[in-house]
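A quick write-up on the structure given underneath.
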Amino acid sequence: MGLLDKIRAGLKRSRDALGEGLGSLLAGRARLDEALLETLEERLVASDVGLATAERLIQRVRERARGQAEVGGAEVRAWLAEDVAAILREAGSGAPLLPEPAPRPAVILVVGVNGVGKTTTIGKVAWRLTQAGQRVLVVACDTFRAAAAQQLEIWAGRAGADILRQREGADPAAVAFDGLKAAVSRDYHAALFDTAGRLHTKVNLMQEVGKIRRVLARELPGAPHQTWLVLDAVTGQNGLAQARQFYQDAGVTGLIVTKLDGTARGGIVVAIAAELKLPVKLVGVGEGLDDLLDFDPGAYAEGLFGVESGE
């Protein structure tokens, strides 16, 4: 299965949920009166694209349909897909995973709430980088969760990456300091810093991330070069609340969205891109090492609305 096919397959549940409403509303050709547009907007809000974004999309549909007695359902879906892709691209989605030329080492801090698949995701990112011929160091700054470092070590081994870990209960910022020293002195291409999962509402834990960031910046100007927030697509609108807080407190620069294949709420990435202008870097559509995919705004939007390429 090709990359674009995997994205479309991963969005099936979101597409089915959205399409169930759009299919009946936009069957054949119809007159887009205000009642129909309002119902269409409700369907978009229910798919978690957010109220403001849904209003923006419907206004664009209204403008495009002006002067036409009737429009086809396929045509409206194509308009929606085009405008969603534009929102995602405006936020920077679709750009390379790391800028070229990438700093060496490229210091990447990974944050997120508990249970989103952060450790697994780091292993998959490390695998992508090692497959591209890069030497990767994984740094286990989650020193509080039982077996967190062991789990990360297993994933690092699968990915062909090295790992730096310390005793349970060690100061995460101190671990980050040692990890960065090792990454620089041993000339790694990239260093991935895992952090403990934390609720975005816990001020003291969010401050801990800030301390790690300050340590990295002090020891290597410009670091961390990327701060990625791992989001579980299943959380829907709560994902927007998480993104807001991590963006404010942790300086998030991009998103990795996991479990896109397990939810009907795939529209949440549109809401985040529209409000915070955060690019989606990667999406998870399965459990395999190669199921963490580059995010393609066009393929995502077409998959969400059931638009075939070229339709």
Report summary line: Most exposed to least, judged by fewest other Cβ atoms within 10 Å, GLU63, GLU90 sort to GLU63, GLU90
Requested in this report: May I have the pair-distance distribution P(r) for the range 101-242, computed from all Cα-Cα distances with 5 Å bins from 0 and rounded to whole percent?
Outcome: 2, 11, 21, 24, 22, 13, 6, 1, 0
**Report entry** Gaussian network model of the chain, Cα within-10 Å springs - most flexible of LEU292, LEU205, LEU192
**Finding:** LEU205
Report summary line: When the chain is treated as a Gaussian network with springs between alpha carbons less than 10 Å apart, the largest mean-square fluctuation among ALA102, ALA46, ALA223 is found at ALA102
Report summary line: Of all DSSP beta bridges with both partners in the range 214-311, the antiparallel percent, nearest 5, is 25 percent
Report summary line: Of all DSSP beta bridges with both partners in the chain, the antiparallel percent, nearest 5, is 15 percent
Report summary line: Simple spin-label estimate for ALA74/ARG214, 7 Å along Cα→Cβ, in nm, reads 5.9 nm
Query - Sum of -39500 (n - 2.57) over DSSP H runs of 4+, divided by residues of the chain (222 nm, nearest 500) - result: -16000 deg cm²/dmol
Query - Additional length obtainable on full extension of the chain from ALA86 to ILE154, 0.36 nm per residue less Cα span - result: 20.6 nm
Query raised in the report: Across the range 118-126, in residue order, what do the Karplus-derived ³J(HN,Hα) couplings come to in whole Hz, using 6.51 cos²θ - 1.76 cosθ + 1.60 with θ = phi - 60° and x for Gly and Pro?
Result: 5, 5, 4, 4, 4, x, 5, 5, 4
Query raised in the report: Relative contact order for the chain: what is it in percent, counting Cα pairs under 8 Å that are at least 6 residues apart?
Result: 29 percent
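Each value in this text was obtained by applying a stated rule to the coordinates, not by laboratory testing. In this text the structure is predicted, and so the values were computed from the model without any measurement. Methodologically, a virtual Cβ is constructed for each residue, glycine included, from the backbone with ideal geometry; neighbour enumeration extends over all protein chains shown.
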